[in-house]
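Only one structure is covered here, and it is reproduced in the block below.
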Amino acid sequence: MNITFVLYLDIIGTIVFAISGTLTAINNRFDLFGSLVIAFVTALGGGMIRDLLLGATPVLWVSQPQYLTYVVIGYLLALLFQSHILKLRRTMFLFDTIGIGLFTIIGLEKTISLGFPASIALTMGVISAVFGGVLRDLITNIVPLIFRKEIYATACLTGGICYILLEKIYDNQAFNIIITIILIIFIRILAVKKKWSLAFIPKNS
Amino acid sequence: MNITFVLYLDIIGTIVFAISGTLTAINNRFDLFGSLVIAFVTALGGGMIRDLLLGATPVLWVSQPQYLTYVVIGYLLALLFQSHILKLRRTMFLFDTIGIGLFTIIGLEKTISLGFPASIALTMGVISAVFGGVLRDLITNIVPLIFRKEIYATACLTGGICYILLEKIYDNQAFNIIITIILIIFIRILAVKKKWSLAFIPKNS
Amino acid sequence: MNITFVLYLDIIGTIVFAISGTLTAINNRFDLFGSLVIAFVTALGGGMIRDLLLGATPVLWVSQPQYLTYVVIGYLLALLFQSHILKLRRTMFLFDTIGIGLFTIIGLEKTISLGFPASIALTMGVISAVFGGVLRDLITNIVPLIFRKEIYATACLTGGICYILLEKIYDNQAFNIIITIILIIFIRILAVKKKWSLAFIPKNS
């Protein structure tokens, strides 16, 4: 396993999610400290819940405090370039999707490396990817978007299954990760374009 | 301790709570994935919080992945029979109460078996029984019902105390469980019928 | 380290937060049981999250059940004297601020004593102090106040840094604690008086 490659992706994912959290907080008129907390929760919340449930404590950012620095970097980038970033909705969407793909794979890999079966690993992959956003939405008092719109988490799940299969066939992890992320991005973009949804929403609503 | 009997009750409780979670999610217009998450959180959330606080990690469903299957079974049952189940409000109420009673006893037993005192065991019994519903309500952005209506949790607490006392007198666990659950059901039905409440709500509200 | 002194402060902090939680719950028309849960969550929630993240499980109140008693004492005091306490808004504000200062220091000390670096200890100090209130606000379905008003958490952070510095200079812990708490109270009162805020709120809102 190419540790360095995954590590870089993890750092990028953390920064991207911190940016996305900070922007959400600013949109909801949180103050400077509140925005930092939301950046922290969005970037590290999914991994925190995963580590707690697996009993892999102290959780990641406690044993590796440099992750706090990555959050602060994302937070400062978002503050400095917020007007630019908000214009770049498409870019943010892309980054967000890349982050989700990465976190799915990282959660999955960590769980498997601790010796748990594939069903648990898949669940933990989804939890790592989406529960940062769920916590962000809970604190900003929004019903978590992921449960209502886009087939966000379905994309993670499909990507996770694809990755597990690829790992059994190819030995090239970087290749497998890139294919998986492309698949996740593809599903999300298609879902948004075609207005796919798994909703029960009746026609007249 | 009759492991098999309690195990069956635990499985039934998990399925019943997964049904109740799925129905709540559908009522709140969650999509298919969101409903599955709510089913999962409602059925396994109370036990998860209990295990985390006790330091009994990895939590139950991680060490015993078959619990994920029970959640999926409850979820599918709710999807298939939702129109029937929604008509059966009384049946659901009964099942929900049985689930609460079971989870109180299971949380209590697990905590005592880990060597903690009765005060902690009672608290963990209540947490196991009600925090799945609390998490469900938080995610669907409702103020948790249990804190406002019915003397839901008071019933758990009374049941838990009753069970601890019975255990000291009788050796027959199945008998003690059944008596406790009947007591909990009885309190809840009486509370709903008589509109009992522990509320501070002033007369003019 | 003067264990007894810190211990007394911790007990007082727990009782004060239980009072503040109960009053919030009553204001939101929670019932008697719901108010007890909110008292419990407000008083012990921050420390619980800290202990979970540090992997210091079972969490404090599970290994030391007397903390449940302190919560009940605060809860009963709030119920008995609620009309008086609500009149004493200033007193409550003062107590709340003292509680926050204490919990910052206690979280900080515990994390350092477990061998973690200062950046983690500061973060855990803030988490201990403010996440009880965050959980309280989440359950009562309010966007956590601390992220919008007052420079609440900024006061904790400043106090925490001050305390770490003082510890390196003076050996008298009681003195350091009192100085830190006075600083935190001073910042909060100034912030409220001068309407300081770290908000992004535009002028026309």
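How large is ³J(HN,Hα) for each residue in region C:101-114, as worked out from phi by the Karplus curve 6.51 cos²θ - 1.76 cosθ + 1.60 (θ = phi - 60°), to whole Hz, x for Gly and Pro?
Karplus-based 3J(HN,Hα) across region C:101-114 equals x, 4, 5, 4, 5, 5, x, 4, 4, 4, 5, 5, 5, 8 Hz.
Which of the pairs C:168/C:193; B:110/B:193; B:110/B:168 have their Cα atoms more than 27 Å apart in this structure?
C:168/C:193; B:110/B:193, as the Cα separations exceed 27 Å there.
Which chymotrypsin sites (Phe, Trp or Tyr not before Pro) in region C:45-142 pass both tests, a DSSP loop state and at most 14 other beta-carbon atoms within 10 Å?
C:81
Could you tally the net charge around residue B:22, taking each other residue with its Cβ under 14 Å from the Cβ of residue B:22, Lys/Arg +1 and Asp/Glu -1?
Spelling it out: positives minus negatives among the neighbours equals 0.
Using a 7 Å offset from Cα along the direction of the beta-carbon, what are the separations from residue A:94 to the same position in each other copy, nm, ascending?
5.9, 5.9
Peptide B:57-70: average number of partner chain Cβ atoms within 10 Å per residue?
Mean number of neighbouring Cβ atoms from other chains: 4.
Per q in 0.18, 0.29 1/Å, what log10 I(q)/I(0) does a Debye calculation on the alpha-carbon atoms of region C:10-71 return?
Result of the Debye calculation: -0.61, -1.14.
Considering only the label points, 7 Å along Cα→Cβ from Cα, what distances in nm to one decimal separate residue C:73 from the same position in each other copy, shortest first?
4.8, 4.8
Which value does Rg/Rh take for region B:3-193 over its C-alpha atoms, Rh per Kirkwood?
Reported Rg/Rh, Kirkwood definition of Rh: 0.95.
How far, in nm to one decimal, is residue A:12 from itself in the other copies if the label point is set 7 angstrom along Cα toward Cβ? Shortest first, please.
5.3, 5.3
For region A:42-86, what value does the Rg/Rh ratio take when both radii are computed over Cα atoms and Rh is the Kirkwood radius, given to two decimals?
Rg/Rh for region A:42-86 comes to 1.14.
What full-extension length gain, to one decimal in nm, is calculated for residue A:4 and residue A:82 as 0.36 nm per residue of separation minus the Cα-Cα distance?
Roughly 25.1 nm would be gained on extension.
FYI, it's all coordinate maths here, none of it is from the lab. All values reported here derive from a predicted model rather than from experimental measurement. Don't worry about glycine lacking a Cβ; one is built from the backbone with ideal geometry, like all the others, and counts go over all protein chains shown.
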